[in-house]
Ligand SMILES: NC(=O)c1ccc[n+]([C@@H]2O[C@H](COP(=O)([O-])OP(=O)(O)OC[C@H]3O[C@@H](n4cnc5c(N)ncnc54)[C@H](OP(=O)(O)O)[C@@H]3O)[C@@H](O)[C@H]2O)c1
């Protein structure tokens, strides 16, 4: 085992880059294709990229700026190490960097610090994941792709030929604004795949105490926002195109106090079926995630959040909570399988049968 690299989150990528160049004589170099969409750079000491910089707005769970994001260790034996994590029931996420022949696993030390295990191993062709229809001209759009599940989908799509455009409020697009959504698609030109993961928050509480204003605002983003995005995308979508929305397991799991999320996700699931008929032969589906560890829970107190995830791992039939990469596979399936339309793909660790 060797130390491989450190990744620093910063608001000032240029300043931090200049600092490492001046003080440590590091030089800027190539980054793998799959992560080039993330603002940042790799700084090399001779042939080794020892310092990685990534941008941060400084808000959200695990997103504080001017901080160490994670430390990378170089190891040997990817399969054996992954099997060990499985055996120890340690959750992890994966990243394959085909162009530099590396496989990576992200896991957390018990107190939370993020670690990355790096292996120099060729990446097997992703035949089952890699639709032959992706070319250098393919344009995929991930609305909500700056965080959580959307970011994992954008990462997976970035490994394929073509271009991935990521948008959210932090890139200047608020999908509650229908005119802004229409203008956004006009700037893009023809597209092939639309994925919508935007809008994770909605007020909780019982029907008797409902926060009507908050509920309507949540619908304006996740429900009406998704509909408007589909309408605008369909205008310029090329043949073979797909639209994949995101609902959530609460659409069909009855949990008192979650009426807004339940109603919003159920409405979206119903609308997927209508749109799949109206927009055919474009295909329209939804992925319905279960509890997944993302920045959506940044607002919770750390202890309560950890307890919630631990409880889920202890009670769900799958014995774990979701990682964004688990859910991302559902979007790839919806995009790649030409016989899937009007479907809701449940990826929820068994929450619906519990
Ligand atoms: N995580 C879970 O446990 C879970 C469970 C069931 C369902 N889901 C669903 O999965 C989807 C993704 O959730 P997540 O956990 O990945 O959430 P997340 O990490 O909070 O990401 C949400 C994304 O949506 C964007 N967004 C929010 N409001 C927006 C708006 N008005 N216009 C444009 N973009 C907006 C955010 O970026 P900006 O802040 O920059 O706008 C962010 O990129 C959501 O629909 C959520 O309901 C999640």
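Candidates are the residues of the stretch 307-325 that are within 16 Å of the ligand (Cβ to nearest atom) and in contact (Cβ under 8 Å) with a residue 40 or more places away in the chain; the one that is nearest to the chain's Cα centre (by Cα) is 324.
Being within 16 Å of the ligand (Cβ to nearest atom), more than 28 Å from residue 336 (Cβ to Cβ) and in contact with a helix residue (DSSP H, G or I) (Cβ under 7 Å, 6 or more places away or on another chain) is the filter; apply it to the stretch 184-215 and report the residue that is modelled with the lowest pLDDT.
Per the criteria, the residue is 201.
One residue alone among 74, 87, 108, 103 is more than 22 Å from residue 156 (Cα to Cα) and touching a strand residue (DSSP E or B) at 6+ places or on another chain (Cβ under 9 Å), and that residue is 74. Scanning the stretch 278-301 for residues that are more than 13 Å from the ligand (Cβ to nearest atom), more than 24 Å from residue 343 (Cβ to Cβ) and free of Cβ contacts under 8 Å to residues at least 24 places away in the same chain turns up at least one hit.
Does residue 228 count as under 22 Å from residue 140 (Cβ atoms), touching a helix residue (DSSP H, G or I) at 6+ places or on another chain (Cβ under 6 Å) and part of a helix (DSSP H, G or I)? Walk me through how you get there before you give the answer.
Details: under 22 Å from residue 140 (Cβ atoms): yes; touching a helix residue (DSSP H, G or I) at 6+ places or on another chain (Cβ under 6 Å): yes; part of a helix (DSSP H, G or I): yes.
Judged against the criteria, residue 228 is a match.
Of the numbered criteria (1) surrounded by fewer than 23 Cβ atoms within 10 Å (Cβ to Cβ); (2) under 17 Å from residue 342 (Cα atoms), the one residue 265 fails is (1). Residues that are part of a strand (DSSP E or B), in contact with a helix residue (DSSP H, G or I) (Cβ under 7 Å, 6 or more places away or on another chain) and either more than 15 Å from the ligand (Cβ to nearest atom) or over 19 Å from residue 282 (Cα atoms) (or both) within the stretch 231-256 comprise just one, 242. Considering the conditions (1) within 13 Å of the ligand (Cβ to nearest atom); (2) without any contact (Cβ under 8 Å) to a residue 40 or more places away in the chain; (3) closer than 24 Å to residue 239 by Cβ, residue 180 is excluded by exactly one of them, (3). Within the stretch 87-106, the set of residues being assigned to a loop (DSSP other than H, G, I, E, B) and either in contact with a helix residue (DSSP H, G or I) (Cβ under 6 Å, 6 or more places away or on another chain) or at negative phi (or both) comprises 88, 90, 91. Number of residues in the stretch 330-341 that are away from the ligand (no atom under 12 Å from the Cβ) and buried (at least 16 other Cβ atoms within 10 Å of the Cβ) equals 7. Scanning the stretch 142-173 for residues that are within 6 Å of the ligand (Cβ to nearest atom) and in a loop (DSSP other than H, G, I, E, B) yields a count of 5. Inclusion of residue 43 among residues that are over 25 Å from residue 158 (Cβ atoms) and part of a strand (DSSP E or B) is not warranted.
The single condition from (1) within 26 Å of the chain's Cα centre (by Cα); (2) touching a residue at least 12 places away in the same chain (Cβ under 8 Å) that residue 27 fails is (1).
The values are calculated or read from the model by the stated rules, or taken from the named source; none is laboratory data. As the structure is a computational prediction, the values presented were derived from the model and not from experiment. Heads up, the Cβs are rebuilt from the backbone with ideal geometry, glycines too, and the neighbour counts pull from every protein chain shown.
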